[in-house]
Amino acid sequence: MSLRKIIALWIFIVSAGVAIYGFWNLYNQSEIGYWTMAGSLLLISVVCYASGIHHHIISKRQKGLPMLVYGTFVLSAAALSIYIPNPLDLRPWEIYVRIPNSFFFSLFMLLSGLFGAYLSFRPFYDYKKEGAQVGAYYVFYLTLLFTLFPLFLIIFNIVTRGMGGITWEFLTQDIVSMGEEGGVFPAILGTLAMISLTAIIVLPLGVGTAIYLAEYAKKGLAVRVIRTAVNILQGTPSIVHGLFGYAFFVLILFDGKKCLLAGALTLAILTLPIVTRSAEEALNSIPGELRDASLALGATKWQTIRKMVLPPSLPGILTGTVLGLGRAAGETAPIMFTAVYFSGAGTPSSLLKPVQALPYHLLSLYRLVGYRDVEQQAWATALILLMIVLGINFIAIILREKYRQRF
Amino acid sequence: MFAKIQELLEKESSCERTDLPDRVKMKVQDFDLWYDDIQALKSVDMDVEENKVTAIIGPSGCGKSTLIRSLNRMNDTIPSVRTEGKVWLDGYNIYDDVTDCVDIRRKVGMVFQKPNPFPFSIENNVFYGCEVNGMDVDKDKTVERCLKQAAIWDEVKDRLDENALSLSGGQQQRLCIARALATEPEVILMDEPCSALDPIATAKIEDLIDELKKDYTVVIVTHNMQQAARVSDYTAYMYLGELIEFGKTTQIFENPKKKSTEKYITGRFG
Ligand SMILES: Nc1ncnc2c1ncn2[C@@H]1O[C@H](COP(=O)(O)OP(=O)(O)OP(=O)(O)O)[C@@H](O)[C@H]1O
Ligand SMILES: [Mg+2]
């Protein structure tokens with residue numbers, strides 16, 4: 001690793017640290033957050049810009065102008081923000097908002113950071129391979145950081161706030177006095193039952209559709225129609241699924257009564273496109289040569305699919321299914337009209353009885369905050385829901401690894 | 001329903017027949033093939049003699065693969081393909097409506113250009129054909145017979161349960177040959193079986209082809225003129241979808257009747 005890279009990395013780590021600090025402050029509604037965030041962005045852009053200059057020099061192209069423009073811009077931005085009266089009073093213009101000085105400062109920092117990043121990435125496109133390579137490296141590094149960060153923030157946040165409410169009682173008891181006491185045991189069971197049932201319904205449907213699309217259907221109008229339908233289904237808001245489930249399953253099939261089965265059917269429709277698409281992708285990723293080899297040995301089409309195509313695509317199918325179930329586990333809208341009660345349903349006992357479920361429980365507790373002392377319980381519920389979703393994904397990883405070894 | 005089955009059964013027994021000349025295993029007769037509107041084979045006529053090696057040569061894109069894939073109806077897997085004409089196997093027209101592709105492919109095995117073993121164990125690779133055809137044979141014996149016939153037994157006999165993908169390219173190709181032998185085919189088609197292999201592996205496969213013709217009828221596509229001269233008894237020269245010349249390999253190479261053939265085999269093509 002060259003010295004330049006070490007320095008760049010160091011600055012990068014520092015600015016990432018500042019960015020995290022900024023997020024943390026922002027999250028605690030402290031003003032300091034704005035400018036720390038903006039500052040970190042500025043720092044990062046400086047790193048990129050520095051490496052950009054480096055490549056300016058090695059490519060012997062004299063493009064001093066962007067740097068000059070940038071420097072002027074940053075300096076004048078800083079100067080301007082200092083001269084803005086503190087705090088800015090807009091009342092003379094009949095705007096009754098008071099804007100603190102630091103807001104402008106951070107806004108300028110942010111803008112100059114963005115502008116700097118733009119300027120510094122731009123030259124990468126002018127250079128031949130090496131410059132583009134370095135540029136790509138930094139860009140992807142940045143993207144990675146900005147993608148992982150919110151995830152960590154969410155998990156950290158929910159774990160720290162929810163931990164306090166997790167007790168043995170909370171995990172094993174039914175809800176008492178509107179959630180102020182007792183726990184979420186029936187809701188946990190209800191959620192697990194609901195997604196298991198969803199899996200049982202959606203797997204054969206989704207995989208069957210995918211097999212039809214990928215293996216049997218002639219590439220024509222019918223396939224395009226089905227595929228478009230699947231896409232539309234995927235883009236449909238979950239509340240629409242919920243209303244459909246109520247109108248069709250609950251009112252028509254189940255005599256106006258909410259029940260576990262109606263919820264699972266609705267969730268199955270919700271997850272169907274995810275399962276179908278991932279299964280189709282997995283099937284399409286099996287090379288045609290293997291199919292040809294199998295057919296050439298006198299296997300029928302179905303034998304080929306069953307023995308050659310399905311087993312190696314199983315990891316992909318499972319991953320897609322489990323991701324879909326992870327989504328289903330956290331959905332509230334599709335089940336609130338079709339399957340769940342806040343309290344009184346008890347542990348699931350029949351497919352045709354309503355259940356309690358964690359996402360709806362969380363929503364109900366949230367609505368009660370302010371009237372009842374349930375905030376701690378709400379965070380704890382969120383934590384359990386998060387754990388279940390993470391657990392499902394963990395299972396997906398294990399399954400995938402296991403099957404990968406077999407084939 | 002019963003009438004329908006009756007009809008099918010009658011059809012089954014009514015597959016178009018003809019009497020082929022002695023020693024002719026397969027006969028391609030006035031065969032045309034189109035990919036959508038593009039005609040890739042133009043009224044091809046060719047005899048494949050029993051227990052002999054027939055080579056198909058010709059410049060790239062002339063339709064060699066298309067022709068060899070027509071011999072076991074592998075072209076049926078491509079939706080845009082349309083055919084006319086007949087291909088006889090033992091006096092039965094394999095393009096008759098009532099013939100079952102699965103039967104044909106069991107009798108006419110195929111080895112592809114790129115080695116394509118299945119991603120599971122060596123023995124399961126070999127046994128796959130028997131399994132899907134529901135053949136009532138002893139697994140270990142079949143595996144051993146086929147691997148020995150494909151001259152790869154000594155190299156893999158201690159690792160039959162290993163994944164076939166761990167073999168080298170040349171070994172993989174011989175495994176694919178062994179796999180094709182397991183269904184007890186009568187004809188073996190090979191589409192450029194050596195093009196992904198080094199000279200030593202190629203020599204092994206060529207020796208193997210020489211061995212195989214004792215028990216099987218072999219059709220091979222090759223780009224390598226020396227290979228065609230070395231291994232084949234008959235040679236077919238194709239150009240732009242037409243079969244220009246067909247005859248004994250010695251005759252084609254020493255005394256070609258057509259100018260185009262001569263140009264191609266002497267390397268003055270173009
Ligand atoms: N799946 C397909 N769809 C449409 N056209 C095809 C298809 N396969 C082959 N063709 C066309 O048919 C003609 C013959 O192709 P073929 O693969 O039989 O040639 P080939 O003699 O085997 O060539 P090569 O020596 O390069 O393998 C070519 O013009 C090719 O473009
Ligand atoms: Mg070819």
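Each value in this text was obtained by applying a stated rule to the coordinates, not by laboratory testing. Keep in mind the model is a prediction, meaning the values are calculated, not measured. Backbone-built Cβ (ideal geometry, glycine too); neighbour counts: all protein chains shown.
Give me the pairs: first residue in segment B:104-122 and facing another protein chain (nearest Cβ under 8 Å), second residue in a strand (DSSP E or B) and among the polar types (S, T, N, Q), beta-carbon distance under 8 Å, and six or more apart or on different chains, which are they?
B:119/B:163; B:120/B:163
A quick yes/no check of all residues on (1) among the basic types (Lys, Arg); (2) within 11 Å of residue A:191 (Cβ to Cβ); (3) free of Cβ contacts under 8 Å to residues at least 24 places away in the same chain:
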site: A:356; (1), (2), (3): no, yes, no
site: A:367; (1), (2), (3): yes, no, yes
site: A:372; (1), (2), (3): yes, no, no
site: A:375; (1), (2), (3): no, no, yes
site: A:395; (1), (2), (3): no, no, no
site: A:401; (1), (2), (3): no, no, yes
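Determine whether residue A:185 is crowded, with 18+ Cβ neighbours inside 10 Å and of a type outside the set (Val, Ile, Thr).
Details: crowded, with 18+ Cβ neighbours inside 10 Å: yes; of a type outside the set (Val, Ile, Thr): yes.
Against the criterion (crowded, with 18+ Cβ neighbours inside 10 Å and of a type outside the set (Val, Ile, Thr)), residue A:185 qualifies.
Does residue A:201 qualify as being out of contact with any Asp or Glu (no Cβ under 7 Å at 6 or more places or on another chain) and free of Cβ contacts under 8 Å to residues at least 60 places away in the same chain?
Answer is no for this residue.
Just need a number here: residues in segment A:153-178 that are touching a strand residue (DSSP E or B) at 6+ places or on another chain (Cβ under 7 Å) and crowded, with 18+ Cβ neighbours inside 10 Å.
Total satisfying the criteria: 1.
At least 2 residues that are touching a Phe, Trp or Tyr at 6+ places or on another chain (Cβ under 6 Å) and within 14 Å of chain B (Cβ to nearest Cβ) in each: list the helices (runs of 4 or more DSSP H) lying fully within segment A:287-362 that qualify.
On the way: elements: A:288-296, A:310-330, A:333-336.
Result: A:310-330.
For segment A:367-407, enumerate the residues that are out of contact with any helix residue (DSSP H, G or I) (no Cβ under 7 Å at 6 or more places or on another chain) and within 14 Å of another protein chain (Cβ to nearest Cβ). Don't jump to the end; show me each part of the working.
Taking segment A:367-407 as the starting set, the residues that turn out to be out of contact with any helix residue (DSSP H, G or I) (no Cβ under 7 Å at 6 or more places or on another chain) are A:367, A:370-371, A:373, A:375, A:387, A:390-391, A:394, A:397-398, A:401-402, A:405-406.
Result: A:405, A:406.
Answer yes or no as to whether residue B:216 is at negative phi and within 16 Å of ligand 2 (Cβ to nearest atom). Talk me through it step by step, then tell me what you get.
Values: at negative phi: yes; within 16 Å of ligand 2 (Cβ to nearest atom): no.
So residue B:216 fails the test.
Which condition breaks for residue B:144 when tested against (1) within 14 Å of another protein chain (Cβ to nearest Cβ); (2) out of contact with any strand residue (DSSP E or B) (no Cβ under 8 Å at 6 or more places or on another chain)?
(1)
Looking at (1) under 27 Å from residue B:226 (Cβ atoms); (2) within 16 Å of ligand 1 (Cβ to nearest atom), can you tell me which one residue B:34 breaks?
Going through the list (1) under 27 Å from residue B:226 (Cβ atoms); (2) within 16 Å of ligand 1 (Cβ to nearest atom), residue B:34 breaks only (1).
Of the residues in segment B:214-266, how many are under 22 Å from residue B:174 (Cβ atoms) and buried (at least 20 other Cβ atoms within 10 Å of the Cβ)?
Matching residues across segment B:214-266 total 11.
Answer yes or no as to whether residue B:243 is in contact with a strand residue (DSSP E or B) (Cβ under 7 Å, 6 or more places away or on another chain) and either within 16 Å of ligand 2 (Cβ to nearest atom) or within 16 Å of residue B:147 (Cβ to Cβ) (or both).
Working: in contact with a strand residue (DSSP E or B) (Cβ under 7 Å, 6 or more places away or on another chain): yes; either within 16 Å of ligand 2 (Cβ to nearest atom) or within 16 Å of residue B:147 (Cβ to Cβ) (or both): yes.
Against the criterion (in contact with a strand residue (DSSP E or B) (Cβ under 7 Å, 6 or more places away or on another chain) and either within 16 Å of ligand 2 (Cβ to nearest atom) or within 16 Å of residue B:147 (Cβ to Cβ) (or both)), residue B:243 qualifies.
What is the number of the single condition among (1) outside any helix (DSSP H, G or I); (2) more than 30 Å from residue B:108 (Cβ to Cβ) that residue A:382 does not meet?
(1)
Does residue B:192 count as within 16 Å of ligand 2 (Cβ to nearest atom), within 14 Å of chain A (Cβ to nearest Cβ) and of a type in the set (Asp, Glu)?
Spelling it out, residue B:192 is indeed within 16 Å of ligand 2 (Cβ to nearest atom), within 14 Å of chain A (Cβ to nearest Cβ) and of a type in the set (Asp, Glu).
Go through segment B:40-62 residue by residue and tally those that are near ligand 1 (Cβ under 9 Å from one of its atoms) and within 17 Å of residue B:95 (Cβ to Cβ).
So the answer is 2.
Report, ordered by the first and then the second residue, all pairs with beta carbons closer than 7 Å, sequence separation of six or more or different chains, a first member in segment B:60-79 that is facing chain A (nearest Cβ under 9 Å), and a second member that is part of a loop (DSSP other than H, G, I, E, B) and more than 9 Å from ligand 2 (Cβ to nearest atom).
Filtered contacts from segment B:60-79: B:79/A:218.
Considering only segment B:96-194, give the helices (runs of 4 or more DSSP H) lying wholly within it that have at least 1 residues that are farther than 24 Å from residue A:305 by Cα and more than 16 Å from ligand 1 (Cβ to nearest atom).
Output list reads B:139-149, B:153-156, B:169-181.
Within segment B:49-68, does at least one residue satisfy the condition of being in a strand (DSSP E or B), farther than 13 Å from residue B:221 by Cα, away from ligand 2 (no atom under 16 Å from the Cβ) and not basic (Lys, Arg)? Reasoning before the result, please.
Of the residues in segment B:49-68, the ones in a strand (DSSP E or B) are B:49, B:53-57.
With farther than 13 Å from residue B:221 by Cα added as a condition, the list becomes B:49.
Okay, now just the ones that are also away from ligand 2 (no atom under 16 Å from the Cβ), so B:49.
Checking the rest, the ones that are also not basic (Lys, Arg) come to B:49.
The answer is yes, given that some residue of segment B:49-68 is in a strand (DSSP E or B), farther than 13 Å from residue B:221 by Cα, away from ligand 2 (no atom under 16 Å from the Cβ) and not basic (Lys, Arg).
Considering only segment B:83-105, I want to know if a residue exists there that is closer than 29 Å to residue B:170 by Cβ, surrounded by 24 or more Cβ atoms within 10 Å (Cβ to Cβ) and among the aliphatic types (A, V, I, L, M).
No, that holds for no residue.
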